[in-house]
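Each remark here refers to the structure printed beneath this line.
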Amino acid sequence: MSTTRARAVRFDEYGDRAVLHVTEVPIPRPAAGEVLVEVRAAGINPGEAAIRSGAMHAMFPATFPSGQGSDLAGVVTELGEGVSDFALGDEVLGFSWQRSSQATHVVVPVSQLILKPQALSWEAAGALYVVGCTAWAAVEAVAPKPGETVAVSAAAGGVGTVVVQLLAVRGAHVLGIASPANADWLTDHGATPVPYGDDLAGALTAAAPDGIDAFIDLFGPDYVQLAVDLGISRDRIETIISFQKAQELGTKSAGSAEASNREVLTEMADLVASGRIEIPIAATYPLDDVRDAFAELEKRHTRGKIVLIP
């Protein structure tokens, strides 16, 4: 690759993973208030698969050819005019709203980056934004008090693992709904595992005989309905995925947009760097293997994050 060319994930039409490819593109140049980042790690997320398939066209239409990705961590290699927040060689993490982070180089506004703590691995830093800020927003939406009980569906997924730990940091008792294979991880991170399956309502009630104060859904509308059926106050039921159901039932649906700022990102990065929260890395893939990475993600059984390494 020449010094003027980058490599980036692209898709030219909606479709399954087969539409993804990696191609050479010009290295972008930062405008005023932006920096160029040489990407060291870029997380992948279920929402990206939904956008690529066309399932979210009404909300998030793609313009072709389209890039992918928001999570990123890397090294600043060029400064746009007026930038004083960062210097050449700074290690940073953050996010792109241009669907462009799954690449070797990406231009990012300085307002969407923070310095990477030295204790944070590249993989964790590159996977932090979506799960970290989404988890923060979801937990904030239900406003847990120390000692309260909060149930979490998909508790061992990318966002779920962070939600579980952030709730524990805030002193809540967590009921983590997940497969039995994740029971040990949940127990080790302060949660009470509750396997999904038949009579989940009964299992949750048995695990929390004094009642459940709040519910965070990270999987689908059936869980929002379950929370209502359990008698949980609707203003303490949050979903990051079931927007139509939330509107129908009058529950909450906060997401990463409500927490996409430097302050929240810094708080989450510091929690991870200090060891109070971990970002489990399920797997890493070279950029060229982006299709394989999404094949693994779309099984919906990975614990933690899958990360591309350009």
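So here's what we get for this one:
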| read-out | value |
| --- | --- |
| Helix-derived mean residue ellipticity, 222 nm - over the chain, DSSP H n ≥ 4, -39500 (n - 2.57), to 500 | -8000 deg cm²/dmol |
| Trypsin sites (Lys or Arg not before Pro), loop per DSSP, at most 10 other Cβ atoms within 10 Å - longest free stretch of the chain | 1-298 |
| With Cα atoms, 0 to 90° folded angle of helix 128-142 axis to the chain main axis | 30 |
| Full-stretch length increase - residue 58, residue 249 - with 0.36 nm per residue and alpha-carbon distance subtracted | 66.6 nm |
| GluC sites (Glu not before Pro) restricted to DSSP loop in region 57-112 with at most 14 other C-beta within 10 Å | 81 |
| Shape call, region 136-272: gyration tensor on alpha carbons, a/c limit 1.5 | oblate |
| FRET efficiency, residue 77 to residue 203 (Cβ-Cβ, R0 51 Å, nearest 0.05) | 0.50 |
| FRET E, pair residue 145, residue 276, Förster distance 25 Å, beta-carbon r, rounded to 0.05 | 0.85 |
| Listed residues 94, 74, 33, most fluctuating in the chain (Gaussian network, C-alpha, under 10 Å) | 33 |
| Between helix 262-273 and the chain: long-axis angle, C-alpha atoms, 0 to 90°, nearest 10 | 80 |
| Value of relative contact order over the chain, rounded to a whole percent, pairs C-alpha under 8 Å and six or more apart | 20 |
| Among 79, 36, 226, residue whose mean-square fluctuation peaks in a GNM of the chain (springs only between Cα atoms under 10 Å) | 226 |
| Region 244-310 shape via C-alpha gyration tensor axes, a/c threshold 1.5 | oblate |
| Gaussian network model of the chain, springs between alpha carbon atoms under 10 Å - residue of 283, 203, 138 with greatest fluctuation | 203 |
| Beta bridges by DSSP in the chain, antiparallel share as percent, to the nearest 5 | 60 |
| Region 252-280-region 93-153 distance, computed between alpha-carbon centres (Å) | 5 |
| Mean Cα-pair separation over length for region 67-172, i.e. relative contact order, pairs under 8 Å, 6 or more apart, % | 24 |
| FRET efficiency for residue 261 and residue 298, using Cβ-Cβ distance with R0 set to 25 Å, rounded to 0.05 | 0.25 |
| Residue 7 long-range amide H proximity, modeled H, under 5 Å | 25, 104, 105 |
| Rounded, prolate or oblate (a/c below 1.5 giving rounded, otherwise prolate when a/b exceeds b/c) for region 1-160 by Cα gyration tensor | oblate |
| ³J(HN,Hα) computed for each position of region 175-192 - Karplus, 6.51 cos²θ - 1.76 cosθ + 1.60, integer Hz, glycine/proline x | 9, x, 7, 6, 6, x, 4, 9, 4, 5, 4, 4, 4, 5, 10, x, 9, 9 |
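Every number in this text was worked out from the coordinates using simple rules, so none of it is lab data. Nothing here was measured: the structure is a model prediction, and the numbers come from that model. Please note: Cβ atoms are built from the backbone with ideal geometry, for glycine as well, and neighbour counts cover all protein chains shown.
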